[in-house]
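Below is one structure, written out as structure tokens; the observations come after it.
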Amino acid sequence: QVQLVESGGGSVQAGGSRRLSCMTSGSTFAANTMAWYRQGPGSQRELVARISTRGSTNYADSVKGRFTISRGNAKNTVYLQMNSLKPEDTAVYYCMYDFAPWGDKWGQGIQVTVSS
């Protein structure tokens, strides 16, 4: 069964940078929209950024100008470059791939902790 595997999480000081990666394990169809979500302590899961098959992007207002989502050259690879990190960016980050018409696939989540 295909799984999404995230990497790049960890601890960083405020103002620092981190790059998250997500890729599929095993062979699968090409994903449509790919996205990153996050869930902070005591908060609901929220959309951080998404990228379409054509490369158009959308960002949450809270990360605009600081985060960049991009597709990798390898099939079904997506990155989230996070700059100027703030303590409020602390969360578990999840990648999500749209494999329409078969449905969405989610990663297991990866922790990013930003200390002040």
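Which one of these is open to solvent by less than 30 Å² (accessible area, probe 1.4 Å), modelled with pLDDT of 95 or more and out of contact with any strand residue (DSSP E or B) (no Cβ under 6 Å at 6 or more places or on another chain): Gly16, Gly65, Gly40? Reasoning before the result, please.
Numbers: Gly65 fails: open to solvent by less than 30 Å² (accessible area, probe 1.4 Å); Gly40 fails: out of contact with any strand residue (DSSP E or B) (no Cβ under 6 Å at 6 or more places or on another chain).
After ruling out the rest, the residue left standing is Gly16.
State yes or no: is Ser25 closer than 14 Å to Cys95 by Cα and free of Cβ contacts under 8 Å to residues at least 24 places away in the same chain?
yes
Which strands (runs of 3 or more DSSP E) does segment 1-43 wholly contain that include 2 or more residues that are out of contact with any helix residue (DSSP H, G or I) (no Cβ under 9 Å at 6 or more places or on another chain) and aromatic (Phe, Trp, Tyr)?
Counting at least 2 such residues, we get 34-39.
What are the residues in segment 20-37 that are open to solvent by less than 60 Å² (accessible area, probe 1.4 Å) and among the polar types (S, T, N, Q), if any?
Ser21, Thr24, Ser25, Thr28, Asn32, Thr33
Scan Gly107, Gly103 and give me the residue that is at pLDDT below 95 and open to solvent by less than 60 Å² (accessible area, probe 1.4 Å).
Matching residue, one of Gly107, Gly103: Gly103.
The values are calculated or read from the model by the stated rules, or taken from the named source; none is laboratory data. As the structure is a prediction and not an experimental result, all values here were calculated from the model. For neighbour counting, all protein chains shown are included, and Cβ atoms are generated from backbone atoms with ideal geometry for every residue, glycine included. Each accessible area value is taken on the protein alone, full model and side chains, heavy atoms only, with ligands, DNA and RNA left out. Shrake-Rupley method; radii C 1.70, N 1.55, O 1.52, S 1.80 Å.
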